[in-house]
Structures are given as structure tokens and as C-alpha cells.
Amino acid sequence: MITEYSFAHVKLRDNARFSTICIHAGQTPDPSTGAIITPIYQTSTYVQDALGVHKGYEYARTQNPTRAALEANVAAIENGKAGFAFASGMAAEGAIMTLLQSGDHVVVTDNTYGGTYRLFERVLRKYQLDFSYVDTSQPDQIRNAIQPNTKMLFLETPTNPVLRITDIAVASQIAHERGVFVVVDNTFASPFVQRPLDFGADIVVHSTTKFLNGHSDSVGGIVVAVRDEHIEWLKFVQNAEGAILGPMDAWLVLRGTKTLPIRMERHNANAEVLAEYLASHPKVKRVHYPGLASHPQHALATRQMRGFGGLISFELGTFRRAETLLNSVRLMALAESLGGVETLISHPATMTHASVPAERRAAIGVTDDLVRVSVGIEDIDDLKEDLAQALDKVQN
Ligand SMILES: *Cc1c(COP(=O)(O)O)cnc(C)c1O
């Protein structure tokens with residue numbers, strides 16, 4: 001684990017608390033000026049003092065101080081050993097998958113992010129990787145899906161968009177008994193809500209585009225690892241394939257992680273209130289939110305998560321009703337993505353999950369009447385009023 005960071009003004013130790021880590025981990029005042037904020041090192045190369053003598057920076061695909069600060073910051077936030085930042089969440093996932101070789105098999109959470117499914121099925125199958133999609137919220141399904149050539153268990157919890165929960169500790173134990181390593185896509189929860197490495201996972205991946213950056217103004221991804229052999233390979237492949245996060249985006253995400261705890265507290269609080277409101281509304285057929293006592297895995301969510309996250313999905317009975325609601329909101333923005341300070345509302349079947357075949361969508365609960373909300377940090381009464389007036393327009 002990360003042991004100690006040195007600063008001119010603060011020493012961050014093993015026992016530093018979460019908010020302090022978010023603000024300080026991985027960052028030292030700029031050595032040339034003392035600037036408290038790591039500058040955007042917008043440079044492609046670095047001058048060397050003499051042949052073979054340099055400051056640890058040679059070429060910016062390989063090393064960049066702004067990116068390095070972000071990588072150390074998020075590694076500490078996730079309680080990992082090292083972080084690697086990529087141009088997008090998908091680029092980060094792509095890099096992780098290069099830990100495998102042709103012939104290897106992966107067990108995957110069945111209602112995983114649509115882009116993950118597309119990467120695995122449309123790209124990586126070409127390289128003779130094999131995937132089985134199972135409901136990882138059922139430990140027996142994981143156990144039964146592991147084959148002699150299974151190398152990786154790829155989990156997403158809570159899932160997108162119906163927020164099913166996998167017990168990371170139980171899943172990791174099953175995987176490790178069979179020599180399988182565990183990757184968790186922690187984008188939906190954020191490390192404030194849940195830290196998979198603490199439950200035994202080996203690698204965490206994020207689309208930083210979402211809660212880590214938190215302001216809907218950057219696309220990026222990051223991988224945090226703990227095992228030396230993973231770290232060594234990820235460092236190598238980040239440079240070899242070169243899908244790195246640029247310095248401007250690294251700086252934006254660093255700015256985002258500083259306020260992660262207070263943003264997540266508000267995301268959690270607002271989402272809980274809206275979920276209760278929707279659950280009590282006569283025009284809403286069903287609400288998916290781990291914070292509701294009616295959620296099938298509410299007890300597990302309470303153990304594994306701090307708060308229940310900012311995502312809610314709900315069913316309105318028919319596509320027409322969903323359409324009316326989506327076209328009637330005024331404050332909530334009709335848009336893909338999630339995790340920003342502003343509330344976004346979307347229709348998974350035709351937006352985020354459009355690349356998933358219809359029969360698979362049905363199997364994973366992405367019905368045509370399903371609406372997803374990424375609850376922002378606006379005033380809760382304004383959010384409630386917006387949903388109320390939009391629901392008024394929905395036919396009984
Ligand atoms: C957005 C997202 C991704 C992909 O990240 P990009 O930054 O869009 O490439 C992967 N997993 C989850 C859960 C996501 O929400």
C-alpha cells in the first residue's frame with residue numbers, strides 16, 4: 001500500500017483520512033516555483049542535462065508530471081499501489097485486457113457497461129479471447145462459469161443501469177481460489193462510495209469522465225493495481241500502446257478529486273431523496289436504487305458501500321410514458337454520461353445501451369420503459385419539482 005507522501009507543508013501518512021488523501025496525495029508544490037497546484041505540463045519532451053543525464057522525464061508519452069500527480073492521487077484514493085491514466089475509460093479497459101493472451105477466458109458481470117460489452121465482443125474476440133456473461137450477484141454463477149482457461153473476473157457493481165450489486169469480497173475469494181484475478185469497474189460508485197481493493201479485488205478501473213472528474217468537462221480513464229506483475233505490465237503497455245491521458249485532462253481530474261467527498265455526499269443524499277420520492281409516486285412502476293429497503297441487495301449494499309451512489313433507474317410501464325417524461329423535464333438534461341454536478345436523465349435502451357442487441361437488453365433488464373437519472377448536486381427541491389411536473393404530463 002502507499003505508505004507516505006512528502007510535501008513542503010504536510011506529510012501524509014498511512015492513517016491519513018479519505019478527504020485529506022483526496023486533496024493532498026500525490027501532489028508536491030511545483031519544485032521550480034512553489035505553485036501549490038501541480039501545473040499543466042503541456043510539453044512533449046524534456047531537455048536532458050547531458051547525454052544519459054535527466055530528471056526522470058524524457059518524453060511525454062512515457063512520463064508527464066501532471067499525469068504522474070493524478071496517477072499517484074487516485075492510486076492513494078483507491079488504496080492501491082500504482083495508477084495509470086488513459087485517454088478514456090475504454091482505453092483504460094483496453095490496456096487491462098492486454099494482461100491476457102489469446103485462448104484466455106474472462107467471466108464478466110452480465111449487465112456491464114455497453115461499451116465494455118462492445119470492446120469484448122466486437123474487438124477482443126478477434127484475438128481469441130473468450131467471455132462468459134453471468135449474473136455475478138449470484139456467487140454460484142461465478143463459480144460455475146470459471147473454466148480451466150479463465151484468467152480474469154471482470155465485475156461491475158452497481159451495474160448500469162439496473163444497479164444490481166455484486167459482493168466483491170465473496171466474488172474475489174471464489175476467483176482467487178481458482179487462480180483468477182479480479183478487475184472491478186468502479187465508475188458507477190466512485191471510490192468514496194466503495195473501494196474494491198479493500199474487499200480483495202486486484203485491479204480497479206474508472207472512467208474518470210464520470211464522478212472522479214465530476215464536472216462533465218473531460219474524458220479519461222484510470223487503472224489502479226496492487227500486484228507487482230500487473231503494475232509492471234500496465235506501466236509498459238501504457239507507454240507501448242500510448243493511449244495516455246493528456247496533461248490538461250489530468251489537471252482537470254486532479255481538480256475534481258479534491259472535492260470528491262463533498263460532491264459524493266450530496267450525490268448520495270439527493271439520490272436517496274429522489275429514489276424515495278419516485279418509489280412513492282403512483283405513475284412509477286418500479287425504482288432501482290440500492291438505498292431503498294425494497295432493493296433485493298439492500299443489506300449487501302449497506303455493508304459494501306458508503307451511501308448508495310448517485311444513480312437511479314426506474315420503470316414507467318411503457319416506452320411512450322418514458323418518452324413523455326424525458327421530453328418534459330426542464331432542469332434535468334437529456335444526455336448520456338453520469339457523475340457530473342448537473343443532473344442528467346437518459347433512456348438506456350436507445351442511448352447508452354443502443355449497441356447491445358435487443359434480446360440481451362431484455363435479459364439484463366434494460367426495458368424500453370426504463371429511465372436512468374444521474375442525480376447531480378443541485379438543490380433537492382428543484383430536482384423534485386422538476387420530476388413532479390414532468391410526471392404530471394405522463395399519462396396514467
Ligand atoms: C463511461 C463508462 C465507461 C467508459 O468510459 P469512457 O471514459 O466513456 O471511455 C466504462 N465503464 C463505465 C461503468 C462507464 O460508465
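No value in this document is a laboratory result; all are computed from the given coordinates. Computed from a predicted model, the values in this text were never measured in an experiment. Counting neighbours? That spans all protein chains shown, and the Cβs are built from the backbone with ideal geometry, glycine included.
Shape verdict for the range 154-235, please, from the Cα gyration tensor: rounded (a/c under 1.5), prolate (a/b greater than b/c) or oblate. Oblate, since a/c reaches 1.5 and b/c is not below a/b. Summary value for the chain: 16 percent relative contact order, contacts being C-alpha pairs under 8 angstrom separated by 6+ residues. Amide H to amide H distances under 5 Å link D135 with D110, where only residues 5 or more positions off or on other chains count and H is placed in the peptide plane. Taking every DSSP helix (H) stretch of at least 4 residues in the chain, weighting each as -39,500 (n - 2.57) and dividing the sum by the residue count yields a mean residue ellipticity at 222 nm of -10000 deg cm²/dmol. Amide H contacts of R286: E315, each under 5 Å away and 5 or more positions distant or on a separate chain (H built 1.01 Å from N in the peptide plane; Pro and chain starts excluded).
Starting from the Kirkwood radius over alpha-carbon pairs of the range 315-396, derive D by Stokes-Einstein at 10 °C in a medium of 1.306 mPa s and give it in µm² s⁻¹.
Values: Rh = 13.1 Å.
Translational diffusion coefficient: 121 µm²/s.
When peptides 21-31, 227-237 are ranked by their average number of other Cβ atoms within 10 Å per residue, the highest-first order is 21-31, 227-237. Helix 65-77 and the long axis of the chain differ in direction by around 60°, with both axes built from C-alpha atoms. Taking Lys and Arg as +1 and Asp and Glu as -1, the other residues whose beta-carbon sits under 11 Å from that of S355 total +3. In the chain, one over the average inverse separation of all distinct C-alpha pairs is 21.7 Å, which is the Kirkwood hydrodynamic radius.
Could you work out the percent of alpha carbon pairs in the range 261-392 separated by over 22 Å, rounded to a whole number? Please report the intermediate quantities before stating the final value.
Values: 2816 of 8646 pairs.
Roughly 33 percent, rounded to a whole number.
Each of T109, S207, Q138 was placed along the dipole of the range 18-258 (beta-carbon charges, centred on the mean Cα), and the one lying farthest toward the positive end is S207. Treating each Cα of the range 124-194 as one equal point scatterer and applying the Debye formula with no solvent, the log10 of I(q)/I(0) at q = 0.23 Å⁻¹ comes out as -1.07. Can you give me the angle between helix 247-258 and the longest principal axis of the chain, using Cα atoms only, in degrees from 0 to 90, rounded to the nearest 10? In the chain, helix 247-258 runs at an angle near 60 degrees to the longest axis. With neighbour counts taken as other beta-carbon atoms within 10 Å, the residues M332, M90 rank, fewest first, as M90, M332.
Axis of helix 228-241 versus longest Cα principal axis of the chain: the two differ by about 90°, to the nearest ten degrees.
For a paramagnetic label modelled on A299 (point 7 Å from Cα along Cα→Cβ), amide N atoms under 16 Å away belong, within the range 152-191, to 165-168, 170.
Using only Cα atoms, what Kirkwood radius does the range 246-286 have, in angstroms?
On the way: mean 1/r = 0.0800 Å⁻¹.
Final number for the Kirkwood radius of the range 246-286 is 12.5 Å.
Couplings 3J(HN,Hα) of the range 110-115, computed from phi: 5, 9, 6, 3, x, x Hz, in residue order, whole Hz [Karplus 6.51 cos²θ - 1.76 cosθ + 1.60, θ = phi - 60°; x for Gly and Pro].
Determine, for each peptide in 183-190, 269-276, 293-300, the mean count of other beta carbons within 10 angstrom over its residues, then list the peptides with the highest first. Please report the intermediate quantities before stating the final value.
Values: 183-190: 27.1, 269-276: 20.2, 293-300: 14.5.
Packing proxy ranking, top to bottom: 183-190, 269-276, 293-300.
Per-residue Karplus couplings for the range 275-288, computed as 6.51 cos²θ - 1.76 cosθ + 1.60 with θ equal to phi - 60°, are listed in order as 5, 4, 4, 5, 4, 9, 8, x, 8, 9, 6, 7, 10, 9 Hz, Gly and Pro entered as x. Highest average first, the peptides 63-75, 46-58 ordered by how many other beta carbon atoms sit within 10 Å of their residues are 63-75, 46-58.
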